[in-house]
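J.: Pasting a structure below so you can have a look.
The values are calculated or read from the model by the stated rules, or taken from the named source; none is laboratory data. Computed from a prediction, not measured in an experiment: that's the story for all the values here. Note that we place each Cβ from the backbone using ideal geometry, even for glycine, and neighbour counts take in every protein chain shown. What goes into the accessible areas is simple: the full protein's heavy atoms, side chains included, and nothing from ligands, DNA or RNA. Shrake-Rupley method; radii C 1.70, N 1.55, O 1.52, S 1.80 Å.
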Amino acid sequence: MKRCPECGRDYNDDSLSFCLDDGSELLFGPAVLSEPGAVETARLSDHETEVLSPFGVPPSGGSPLESQTRAYLQTTAREAEPPNISGGVTERRSLSAHRAAQPRETAQTSRKPSGTLLRTLSIVGILAALLIGGFFGFRYFSSSDRINSIAVLPFENRSSNADTDYLSDGRTDSLIFRFSQLPNVKVSPTSSVMRYKGKAADVAQVAKELDVDAVLSGRLMQLGDKLDISVQLVDARSGKLIWAEEYDRQMADLLATQREIATTLTQKMQLKLAGNEQGITKKYTNSSEAYQLYMKGRYHYARRVKDDMLKAIDSYQQAIALDPNFALAYAATAEAYNSMGKNPDLPPKECIPLAKAAAMRALEIDPDLPQAHSALGDSLAIYDWNWAESEKHFRRGLELDPNISYSHLAYGLAYLSAMGKTGEVERELKQAADMEPLSMINNAILVTGYIYDRQYDKALAQAKATYELDPVFPLSRYWLGMAHISNGNYDEAIAVSDQGGPQGSFGWIPAVVGGLAYAKTGKRAEAEREIEVLRALAKTRYVRTYYFASIYATLGEKDKAFAELEKSFEDHDCFLGRAPSDPFMDPLRDDPRFKDLMKRMGLGQ
C-alpha cells in the first residue's frame, strides 16, 4: 500500500507514483514520518527513483551546462543541509530541477528541539524536498510543456583509456534503444547523435538541428572496478535543467544502473508505457561482463568495415559464452553476418547460414525479440529465397517494434524488391531514412528505392544530398554514380567512380560504376577493362557475380549475362532477389531464361 504524505489518502495500486488529489509523491508506509517506525517503513520500491542519500556536486570545469548543474546542486545542498544518512543504500545523488521554495515553519518554532527530534526533522526536511521536487516535476510534465521528444547525446568518456569508448558509446546506444520502446515519444537515433561525439555541443542548437524538446547528456569515467556516471536532462525550449544525477557504482552494477537511469527518466517525464514497463526495464542478460562485450560488439559493428565486423562477431560470441541465453547477442550476431554477405565481405554460403542459425537461436530464447525476427526474415529472403517465411518474420518484427529503422530497410530491399513492389520498396526505405535522417546507410540506400521505382530525378537529388553529408562514405559515392547513370549523366558517373579509388572492402565500387557507365555509352573496350579489374579483385576477395551480369546485360551480351546469373544462383548471391525490381536487369527481362531463373527462385508467375 502507498499513502500520500500530504492528505493521507491510501492507494492499493503500487504502480501509482503521485497522489491524484494534490500531486504529492506517494510513499510506502505511514503518511506521518513522526509515527513510530515511519522512517523504516517509508522505503521506496524497486521502481521508485528518489532515494535517501548524501547530496553531491559534479566535478568542476566543463561546459556552461555543467556549471549550471553544479550551481543548482550546490544551492539545493545548502538549502537542504542533510545529515549523513546511511542504511545500505547504494550511494546516489538525486535532485529535481523544479523544486519550489517552501516556508521553513520549523525554523520559526519557539522552542529548541532535542537532538532526537532534530534528526527526525532533518529527515522530514529531506523527504519534503524530494516530495516537493516530485510534485513540481509532475506538474511540469502534466502541463502543455510536456516533453514529447528527446535526444541522447554521446556520453563523454572521461577515462584515461580510449579503449573504454565502447562503454560511453554503448551507454548512449542502449539508452536510445530503450527509450525508443516508449509509445508516442520521438527519440533521435544513434546515427543522428553520433555527429556530436567529442564536441562541446550547445543544447539549444542540438535541439534545433534534431527537432527535439529535451536533450540528455552524460559523462562516464571508469577507475579500476569503479564506474562513475553523471546524467543531466535539459528542456531545450527554456534552457532549464530538469534533472541531474550521479551514480557511483561498481562495474558489476552496469546493467542495473542502465535500467535505473531509463526507469528514472520515464517516471520523471511521466510517460505512460504500453501496457507494462517491459520495453524500458527488460533484462537481456544478468551478466555485466557479457553485456559489456555486447556493447563492444555494437561499437565495432557501427563502423561497417570488414575487420570491425569480425571484431563485433567475436565480441558477441564471447558474450554468448558467458551467457548462453543472451538472445540479443545472438540477434546482433545474425545482423552482422547478414551485413557481411550484403556488403559483400564474404561469400554468402560462408556467412548467411550462420546468420540464420543465430537468429533462430535468439528466437528460441526470446520469441518476441523484434531484432531476431527481422534478422531471420533478412536471411530467409537474401539466401534461402523462402519468401513466405521471410515476410512472416519481417511483419512480426515490425509489429513488435516499428521503430527500428533497419527492419524497414531490410524489409524493403530483401523482400519487397523481390516481389517487384517498387512503390512499397521506396516507401519503406523512405521511412527508414525519415526515422534516422543522419544515417549514412539509410540515406544511401534510399537512392536504391528511387531508382527501382524509376524516380530517377529523386534518386539523383537524394544521392547528391547523401554525398554532401559524407563524401568519404563509400556507398554514398557508389549510389551517386548509379543515380548519374540512371539519369544519363555518364561522364559524371565515371568521374565520381574515380574519386578516392578503392577503399578497403568497398574496392569494387569504381569498377562497377565505371563498367556500367562505359557500357551505357557503348564503350565496349573500356567496359570490359573494368570487368577484368573486377575479375582480378575476385582472386583475393569475394566479388558478387551479379555485378558482372549487370554490365554484360547493359552491353547487350545476354549469353554472358545469363552465364554470370547462373553463377549468382549457385552462390545464392544476396542481390539476386533484387532482379525483379532492378532496372539494370531490364534488357534481360523478356528473355525466357530470365523467367525460368525467377521461377527457380520461387518468383515466377
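J.: Report yes if some residue within the stretch 305-321 is over 26 Å from His572 (Cα atoms), among the small types (Gly, Ala, Ser) and open to solvent by less than 30 Å² (accessible area, probe 1.4 Å); otherwise report no.
T.: Checked the stretch 305-321: at least one residue is over 26 Å from His572 (Cα atoms), among the small types (Gly, Ala, Ser) and open to solvent by less than 30 Å² (accessible area, probe 1.4 Å).
J.: Residues Tyr383, Tyr411, Tyr415: which one is modelled with pLDDT of 95 or more, open to solvent by 10 Å² or more (accessible area, probe 1.4 Å) and within 21 Å of the chain's Cα centre (by Cα)?
T.: Working: Tyr383 fails: within 21 Å of the chain's Cα centre (by Cα); Tyr415 fails: within 21 Å of the chain's Cα centre (by Cα).
Testing whether each residue is modelled with pLDDT of 95 or more, open to solvent by 10 Å² or more (accessible area, probe 1.4 Å) and within 21 Å of the chain's Cα centre (by Cα) leaves just Tyr411.
J.: Can you give me the number of residues within the stretch 480-495 that are surrounded by 16 or more Cβ atoms within 10 Å (Cβ to Cβ) and part of a helix (DSSP H, G or I)?
T.: 11
J.: Return only the number of the condition from (1) in a helix (DSSP H, G or I); (2) within 30 Å of Thr333 (Cα to Cα); (3) at pLDDT below 75; (4) open to solvent by 30 Å² or more (accessible area, probe 1.4 Å) that Gln267 does not satisfy.
T.: (2)
J.: Quick one: Ala433 ticks every box in (1) open to solvent by less than 10 Å² (accessible area, probe 1.4 Å); (2) in a helix (DSSP H, G or I); (3) modelled with pLDDT of 95 or more except a single one, so which number is it?
T.: (3)
J.: Here is a list: Val447, Val472. Which entry is in contact (Cβ under 8 Å) with a residue 12 or more places away in the chain, over 20 Å from the mean Cα position of the chain (by Cα) and open to solvent by less than 10 Å² (accessible area, probe 1.4 Å)? Let's see the steps before the verdict.
T.: Details: Val472 fails: open to solvent by less than 10 Å² (accessible area, probe 1.4 Å).
The match here is Val447.
J.: Quick check on the stretch 386-408: of everything there that is more than 24 Å from the chain's Cα centre (by Cα) and not aromatic (Phe, Trp, Tyr), which residue is surrounded by the fewest Cβ atoms within 10 Å (Cβ to Cβ)? Outline the logic, then answer.
T.: In the first step, residues of the stretch 386-408 are kept if they are more than 24 Å from the chain's Cα centre (by Cα); the result is 386-389.
Next, only the ones that are not aromatic (Phe, Trp, Tyr) stay: 386, 388-389.
Numbers: Asn386: 16, Ala388: 8, Glu389: 14.
Looking at the filtered set, the residue picked out is Ala388.
J.: While we're on this one: Residues that are open to solvent by 50 Å² or more (accessible area, probe 1.4 Å) and either within 25 Å of Glu350 (Cβ to Cβ) or not charged (D, E, K, R) (or both): find the helices (runs of 4 or more DSSP H) completely inside the stretch 513-578 holding 2 or more of those. Walk me through how you get there before you give the answer.
T.: On the way: elements: 524-537, 545-555, 558-571.
Those helices (runs of 4 or more DSSP H) span 524-537, 558-571.
J.: Let me ask you something else. Please enumerate the residues belonging to the stretch 418-429 that are buried (at least 19 other Cβ atoms within 10 Å of the Cβ) and either part of a helix (DSSP H, G or I) or free of Cβ contacts under 8 Å to residues at least 40 places away in the same chain (or both).
T.: The initial filter retains those residues of the stretch 418-429 that are buried (at least 19 other Cβ atoms within 10 Å of the Cβ), namely 418, 422, 425-426, 428-429.
Passing the criteria: Thr422, Val425, Glu426, Glu428, Leu429.
J.: Still on this structure, I have one more. So Tyr291 ticks every box in (1) touching an Asp or Glu at 6+ places or on another chain (Cβ under 8 Å); (2) modelled with pLDDT of 80 or more but one. Which box is left unticked?
T.: With respect to (1) touching an Asp or Glu at 6+ places or on another chain (Cβ under 8 Å); (2) modelled with pLDDT of 80 or more, Tyr291 is out only on (1).
J.: Can you tell me which residue among Gly488, Gly515, Gly522 is more than 32 Å from the chain's Cα centre (by Cα) and either within 25 Å of Val425 (Cα to Cα) or β-branched (Val, Ile, Thr) (or both)?
T.: On the way: Gly515 fails: either within 25 Å of Val425 (Cα to Cα) or β-branched (Val, Ile, Thr) (or both); Gly522 fails: either within 25 Å of Val425 (Cα to Cα) or β-branched (Val, Ile, Thr) (or both).
Going through Gly488, Gly515, Gly522 in turn, the sole match is Gly488.
J.: On to the next question. I'd like the full set of residues that are of a type in the set (Ser, Thr, Tyr) and closer than 18 Å to Ala359 by Cα, limited to the stretch 406-423.
T.: First, pick out the residues of the stretch 406-423 that are of a type in the set (Ser, Thr, Tyr): 406-407, 411, 415, 417, 422.
Residues satisfying the conditions are Tyr406, Ser407, Tyr411, Tyr415.
J.: Let me ask something additional. Out of the stretch 579-603, which residues are over 25 Å from Met482 (Cα atoms), outside any helix (DSSP H, G or I) and open to solvent by 40 Å² or more (accessible area, probe 1.4 Å)?
T.: Matches in the stretch 579-603: Gly602 only.
J.: Would you call Lys282 open to solvent by 70 Å² or more (accessible area, probe 1.4 Å), on the phi < 0 side of the Ramachandran plot and either modelled with pLDDT under 95 or not β-branched (Val, Ile, Thr) (or both)? First the steps, then the outcome.
T.: On the way: open to solvent by 70 Å² or more (accessible area, probe 1.4 Å): no; on the phi < 0 side of the Ramachandran plot: yes; either modelled with pLDDT under 95 or not β-branched (Val, Ile, Thr) (or both): yes.
Judged against the criteria, Lys282 is not a match.
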